[in-house]
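Beneath this line is the structure, given in C-alpha cells, with notes to follow.
The values are calculated or read from the model by the stated rules, or taken from the named source; none is laboratory data. No experiment lies behind these values; they were computed from the predicted model shown. With ideal geometry, Cβ positions are generated from the backbone for all residues, glycine too; neighbour counts draw on all protein chains shown.
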Amino acid sequence: MARKTLKPTLLLLIAAGAFCLRTVNLPDRPMHNDEANQAYKFGQLLDSGVYAYDPVDHHGPTLYYLTLPVAWLSGRHTFAETDEATVRIVPVLFGVALILLLWAMAGELGWWAALTAGLLTAVSPAMVFYSSFYVQEMLLVFFTSAALLCGWRYAKRPNWAWAAGFGLSIGLMHATKETCVLAYAAMAGALGVLAAADQEFRREWRTVLQPKHLGTAVGCTIVISLLFFSSFLTHARGPVDSVLTYLNYLGRAGGAEHHQHPSPLYYVHMLAWTRYPGGTVWSEGAILVLALVGGVAAWCRRTQAVLTNPRLSRFLSAYALLLMVIYSLIPYKTPWCMLSFLAGLILLAGIGTEALLRLCRPTWGRVAIAVALAGALFHLGTQARRATGRYRADPRNPYVYAHTGTDFMKLVQRIEDVQACDTAGRALPIHVIAPADQQWPLPFYLRRYPNLGFWSAPENTGKAPAFVVGSIEFEQEINTWLGNAYTTEFYGLRPEVLLSLWIRHDLWDQFMTTRERKP
C-alpha cells in the first residue's frame, strides 16, 4: 500500500470499527425519556409532514429532518413502522462522521494526532454510548467540529468555500440545539486568548477577514437557520421563537429539579474516576492526561517546535478549557452535554500523543508510549462495550442518567402478549394515568396502539379500558374506579419509580389459557 494512502486507510478502518462498536445492541437499550420524546416529535413529522419548532422543549429541528431520509430509505413511512434502530442510527452516523472529519483536519493537526484522536473518539465510552442516544448532542458536536475546521481553514486560505462552510456549520449548530451559543462563546474566547498571546496572529487577522467573505458566512448562517426553524418556509413563527427561546433557557441554566448538579467538578469527576457501590470503575482519565500533555505542549515554548501547528494547538486548548469551564459552572447538567468539550479534549489528546512521540527520541521510549496508548485504548474500548452491553441501562453506569430500566420492557411485552390473544388486538383501549414525567417513554413504545389516551391525574374516563398503566401514587384512586374487574402487576420504570399495570380479567383469562396450552 502506498505511504500516501496508508494513513487515510487507517482512519477509514477506525471509522468502520467505530460504526460496529456503536451498532452492537443498538435497539436493545430501553429508550430514555428524552430519546422517546424526540422520537415522538419525529414521528409526528413523519406521519403528518408538519413540524413547528417548540421554544420550550425538544431543541432544534435538524435531528427530526435528518431522520426522515433514514426512515424512508429503510422503508419506514409511518411512526408505527419505526423502531429504536431507525432513529438511533442517525446519531451513530454523525458519531462516525466525526471521525471521518479528522481526514480534513489531519493537515492541521498532524496525521498521528488525527489518527490518535480518531481512535480515542472510536472507543471513548461517552462517545460510544451517546452516539446511539437519539438526542441532538452528537449532531451538535459534529457541526461544531465542522465549524472549527472550516473556520481554521479559512484563516489559512481565505476563500468563498471555507467562508460558506463555516457559515453553514454555525447555522446548523443553531438549528440543532440552543446550547450552541456556549460553543460560540468558547470559540470567541479562544480567539481572544490567542490574539492576546500572539502579536503576529493579531496582525494577520486584520488582513485575513474580508468583508465579502464575512457576508457570505453570515448569509449562509441566516439562510440555513431560517430554513430549518421556519420548517422550510411553512412556519413563520419558528425563527422568532428560536431567539425568544433563550429566555426559557436562562431560567433552565440556573438548575431544574433533578438536573441540578451545583458542583463544577461534576463532569471532570465523571470522566476521571467514577465508581458506584456494587459497580466497577469507570474512567476516561487517559484522555484527560493526554489532553493535558497537548495543552502544555501547545503553550510551552520548548515543545511548540514539535507540533504540526502550534497556533491551532493553542486555540484548541483554550477552546476546550473554556467550553469545559462554561458547562461546569452551569448548575443544570446532563452527562451528554459534556460531549461538546470532550470532543475538543480528544483533539488535544491527539496533539499530546504526537508531541510525546516526537519528543521521545529513543526507539524504546516510543515503543513504551505506543504500548501505553494501546493499553489505554483497550481499557476505554472495554468500558465502551460494557456501557452498551451488560450495563446499558444499569444505574451503576455513570452514562446511564435517570434511565428507563429493563423491567419497564416487561410491561410493554406484557401488553403485547395479552393483546395478541384477543381479536381486537392493538385496537384495545389503553389508558395511561400518571404525572407527565412518568408517562415517558410509553408514547414511543405504545405508538402502534390507536386507542391510547394519557391523563396526568386520575379521573373516570367512562367505559373501562382493556389496560390501565398508572403511577403507583394513584393506585388507590384507580382501584376505586376499576373495582375488582382487573388483575394488577407492578413494574419498575426507573430507579425508585414504579408503574402499575391493570389488565381486564377477561383478557387476562384468555392470556393465561394460552400459557397453559404451551408444553
State the number of residues belonging to segment 442-472 that are out of contact with any strand residue (DSSP E or B) (no Cβ under 9 Å at 6 or more places or on another chain) and of a type outside the set (G, A, S).
7
Can you confirm whether segment 473-491 contains a residue that is outside any helix (DSSP H, G or I), crowded, with 21+ Cβ neighbours inside 10 Å and hydrophobic (A, V, I, L, M, F, W, C)?
no
Do we find that D422 is at pLDDT below 95, within 28 Å of the chain's Cα centre (by Cα) and surrounded by 12 or more Cβ atoms within 10 Å (Cβ to Cβ) in this structure?
no
Helices (runs of 4 or more DSSP H) within segment 151-234 that include 3 or more residues surrounded by 17 or more Cβ atoms within 10 Å (Cβ to Cβ):
160-174, 180-197, 211-229
Please name all residue pairs, on different chains or six or more residues apart, with Cβ atoms under 6 Å, provided the first residue is in segment 239-251 and is among the polar types (S, T, N, Q) and the second residue is surrounded by 15 or more Cβ atoms within 10 Å (Cβ to Cβ).
S242/F229; T245/P55; T245/E178
Does segment 370-392 contain any residue that is among the hydrophobic types (A, V, I, L, M, F, W, C), at pLDDT below 95 and within 20 Å of V128 (Cα to Cα)?
no
Yes/no for T121 being among the hydroxyl-bearing types (S, T, Y), buried (at least 18 other Cβ atoms within 10 Å of the Cβ), in contact (Cβ under 8 Å) with a residue 60 or more places away in the chain and in a helix (DSSP H, G or I)
yes
Take segment 344-370 and flag every residue that is more than 19 Å from L292 (Cα to Cα) and β-branched (V, I, T).
T363, V367
Given the criterion at pLDDT 95 or above and surrounded by fewer than 19 Cβ atoms within 10 Å (Cβ to Cβ), identify the matching residue among V289, V306.
V289
Do any helices (runs of 4 or more DSSP H) entirely within segment 325-419 hold 3 or more residues that are buried (at least 23 other Cβ atoms within 10 Å of the Cβ), and if so, which?
339-359, 363-388
Looking at the structure I just gave you, is L194 of a type in the set (A, V, I, L, M) and either more than 28 Å from S313 (Cβ to Cβ) or touching a Gly at 6+ places or on another chain (Cβ under 9 Å) (or both)?
no
Is it the case, given these coordinates, that F467 is modelled with pLDDT of 95 or more and within 28 Å of R76 (Cβ to Cβ)?
yes
